[in-house]
1. For Arg709 and Lys268, what does the FRET efficiency come to when R0 = 45 Å and r is the distance between their Cβ atoms, rounded to the nearest 0.05?
2. Evaluate the distance, in nm, between pseudo-label points positioned 7 Å from the Cα of Glu189 and of Thr132 along their respective Cα→Cβ axes.
3. For the chain, what is the calculated [θ] at 222 nm in deg cm²/dmol (nearest 500), taking -39500 (n - 2.57) for each run of four or more DSSP H residues and dividing by its residue count?
4. Among Ser616, Leu693, Ser682, flag the residue with its Cα farthest along the positive direction of the charge dipole of the range 611-694, charges on Cβ as +1 for Lys/Arg and -1 for Asp/Glu.
5. In nm, what is the difference between 0.36 nm times the number of residues separating His699 and Val635 and their Cα-Cα distance?
6. Can you find, among Val407, Ala202, Ile9, the residue farthest towards the positive end of the dipole of the chain? Put +1 on the C-beta of Lys and Arg, -1 on that of Asp and Glu.
7. How much length, in nm to one decimal, is gained on full extension between Thr115 and Arg239, taken as 0.36 nm per residue of separation minus their Cα-Cα distance?
8. Just list whichever of Lys424/Lys561; Lys150/Lys214; Lys577/Lys604; Lys561/Lys664; Lys95/Lys268; Lys79/Lys501 have alpha carbons separated by over 28 Å in the model shown.
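The numbers here are math on the coordinates, done by the rules we state, and not lab data. Predicted model only: the values in this text are computed from it and were never measured. Cβ atoms come from the backbone with ideal geometry, glycine included; neighbour counts cover every protein chain shown.
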Amino acid sequence: MWSKLALFIIKNRRLLLLLLAVITGFMAWKAKDVEMTYDFAQVVRPDDPDMLYFQEFKKTFGEDGNVLVIGLQDSSVYKLGNFNELRILTDTLSKVEGVNGVLSITKLIKLDKDTANRQFQAAPIFRTFPQTQGQLDSLMQIVNRQEFYKGQLISPRTGATLLALTMDPKYLNSSRRQGVMNEILGHAERFSQKTSIRLHYAGIPYVRATMTTKVAGEMKFFVLLTVIMMGATLLMFFRSWAAVLIPLLIVLIVVVWCLGSMVLLGFKISLLTGLIPSILIVIGIPNCTYLLSRYHYDYRKSGNQVLAMTRVVRKIGLVTLMNNTNTAVGFFVFCFTNIAILYEFGLVATINIFAAFVISFIMIPAIFTYLPPPTPKQLEHLDAKPLTKLLEFFEHLVLERRGTVYVLGAVLVALSLLSITRIKAVSYMVDDLPKDSSVNSDLAFFEQHFNGIMPLEIEVDTGKKRGILNLKNLERMDRLENYLRTQPEVTAPVSIVTFLKAATQTFYNGDPSYYRLPDNSEKNFILSYLARSQGNGGPMNSKLLHSFVDSTSRKARISLKIADIGSRNLDTLLDNKIRPQIKEIFNGTGMDVNLTGTTIIFTKGNEYLISTLKESLLWAFGLVGMVVLILFRSVRAVFFTLLPNLVTLILTGGLMGLFNIPLKPSTALIFSIALGIDGDNSIHLLAKFRQELAANGRHVRAAISTTLREAGTSMIYTSITLFLGFAVFAFSEFGGTKALGMLMSASLLITNFSNLILMPALLVTFEHGVDEEIDRSSLRHYDDQYHEEDDDVELNLDKMQVKRLNS
């Protein structure tokens, strides 16, 4: 079959290359429409109870993650000139398309009591802009008396202030968001230049926009860097520009197909899918390396290009297909999840891994049979002395020092298992950006001055219509809010309670000492004032109140912000502090109080993602075992393949514990991918070993020697290529991508021990005993795929030469 396929490719190479060019042109046309995703990945199952609850919460009260904040701490802002610039900035930002509103000191509203009409009137504090510094100082005294804004807009401890921009969700979730963000940041930068006041930015819209920009930039950077790295590696190995340019052309075609397939599937580029083009380059190059190494090896023996290329396809076609299948398994297992980002990542990678196989198996034979044959200098890599010496050392260990190999392996595994116990599962909202990034430094500013900026919500359901207006229920909510104010990780809460406290303060002519809930004697007066005040604007307007109380006054929302303290600390805060306090306050009242919000959903999503990836790893082991079983029809072959790769994964996990790399979605992802990629070497070596046994019935030790000499070269080449390819990810600004590169590179080094030393040692020990003859009947099915090179006489060499020259 594979011989016929090779001859078909060579005979119809022009037509096949034209077909590839047409498909690539179509994919390039589709790839121009590829888009970035503009939303945080939803990794919690759609039917998860917490997710369903959060969706209902948003329907009732609106979004909780659409606020962008701009903070500053500089006393010079209260100088008249700078304060005027702040007013101009606020007014300018209010007019930006995509911004629904801006809350700033210059636009603060205070309530005045209208005794005649028995209602509250909302009026801007800065109704007319101050003309002198004295006027500004007087108005700032009024600002500082508004208890409602303390901890929200003004830090009572440090005097820092912020501007809160409410973003339009329609802009946040579309490609228009980046334009809006650029306009906002442009206006803010001009303010900084005029006043020399440093501004800080935070909020989910800003984080999402920043990460989206960095993902797009890194995807282009890594594609370019990977191409350069792979080109240099190929040139070092093969010393031929053709052996460099053709493989690079192949993987770039694969990248075009990848982007085109994403558009055809309706997917967008995310932090995960943005890595696929570079990963495909790294994975695609070994296909070319296998083919070219074997082509050079067979050409040196036969001296005929067409015969050599036919042998290449026939002898390693099936094994290479299975290698690609094994690699694809590491990604395909993510398709079993119902997490959109994992499903998209797995499906796109799987499809294009097989596309890379097809493209390389067409272009390598088609193009290299056109080109001049390799020169003796270009074939020198087959006899590289350092590599030969290394393989001879491996052979010595396998044949003479197996006991040492097993003891060393056992010690390394034991130490790694001990190190694995140190690994902690933890994730952060701003998890992948470096500690010294502007996003993290700005986040630290808001955590220092306002305790945090990530949204956290509490919903109080009284179970009764107008139950929220019951004074005892309001007092219970007040008790909870007072407790929350004692927690340094969270900001001062905002709710109907804080609105009523502000109304009580206003009722008593703005006296800050009356910033409290009304008592029974005051309640009816104040509520009647509020009822008549609806529609007057300001903090008590109807729209704003309805974002904290539902239309029936049955449910209320307590909104606060929290520091990005990590999933472990968040769980401790919620489970050991806040939830017990909720239980103590509301137990026996019939009221239902629940925590929700973007931060909780995001954290739960990461935990769910890690759990799902553990299941994916088990799937990967099962599918890799199935591939090996289909290829070798031997349960023992499954053992010989999976055990060394299990050792590789354990040692990689040990490195995670040694270097305190936490278990999070980005690092948990590595193991399934590594199993698929590292398993390729196992299949390649085992196939070559079985080929030697099936071909001439040689003894096990002799078969291992030949296997290490012939297959070891390409395996080491491949490992070096993959190592250098994944190493480029270490230059990423994203912690997860950096960890992917470092750990994948480490696993590729470790796999040389597992597959070139441990696995051959196991074969010598358990494959029918040492130096025992092999029963050829158990290997008969290989005869259809692997033949002695002498059988090539079945191919009419003269005809092949004529066909090549006349084609």
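1. Plugging the Cβ-Cβ distance into 1/(1 + (r/R0)^6) gives 0.40.
2. Calculated label separation equals 4.0 nm.
3. -21000 deg cm²/dmol
4. Highest projection toward the positive end goes to Leu693.
5. Working: separation 64, 0.36 × 64 = 23.04 nm, distance 2.09 nm.
So the extension gain works out to 20.9 nm.
6. So the residue we want is Ala202.
7. Numbers: separation 124, 0.36 × 124 = 44.64 nm, distance 9.19 nm.
That pair, Thr115 and Arg239, stretches by 35.4 nm at full extension.
8. Values: Lys424/Lys561 25 Å; Lys150/Lys214 35 Å; Lys577/Lys604 18 Å; Lys561/Lys664 23 Å; Lys95/Lys268 30 Å; Lys79/Lys501 31 Å.
Violating the 28 Å limit, Cα to Cα: Lys150/Lys214; Lys95/Lys268; Lys79/Lys501.
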